[in-house]
Amino acid sequence: MCGSLPHVRNTTDYTRSVAANTRAALARHDKTQRWLATATGMKEPTLHNKLRGKSPFYVHEILWIAEVLGIDVRELMPPLADVAA
């Protein structure tokens, strides 16, 4: 299947984990979704859907988010072992 991660039982689980980790990082840094959308150049509705786990994040978006928050990208991405089959 195009866009799926090998050995991941459910990409929805991975998407939701990235979303939850991103929301937590925003809270820790006292930043809003609006701020993040502006800082990354993402449209607010698109970001909102991603942060709710409705749409997957692209790798470059995760990298942008980590960069603008000044954090290690691994804080946003769960270990594959957590979502692997």
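Among residues belonging to region 1-39 that are of a type in the set (S, T, N, Q) and more than 14 Å from the chain's Cα centre (by Cα), point out the one that is modelled with the lowest pLDDT. Per the criteria, the residue is S4. Scanning region 48-62 for residues that are assigned to a helix (DSSP H, G or I) and either among the hydroxyl-bearing types (S, T, Y) or under 9 Å from the mean Cα position of the chain (by Cα) (or both) turns up K50, L51, V59, E61, I62. Taking every residue in region 47-68 that is surrounded by 15 or more Cβ atoms within 10 Å (Cβ to Cβ) and pairing it with any residue that is assigned to a loop (DSSP other than H, G, I, E, B), at least 6 positions away or on another chain, the pairs with Cβ-Cβ distances below 7 Å are K50/F57; E61/M42; I62/L76; I62/M77; I65/L76; A66/D72; A66/L76.
Taking residues in region 13-32 that are touching a residue at least 24 places away in the same chain (Cβ under 8 Å), and partners anywhere that are among the small types (G, A, S), the pairs with Cβ atoms closer than 6 Å and at least 6 places apart or on different chains are T15/G53; R16/G53; A19/G53. On the stretch given as region 26-43, residues that are assigned to a helix (DSSP H, G or I) and surrounded by 13 or more Cβ atoms within 10 Å (Cβ to Cβ) total 8.
The values are calculated or read from the model by the stated rules, or taken from the named source; none is laboratory data. Everything numeric in this text was worked out from a predicted model, so none of it was measured. Here Cβ is always computed from backbone atoms with ideal geometry, including for glycine, and neighbour counts include all displayed protein chains.
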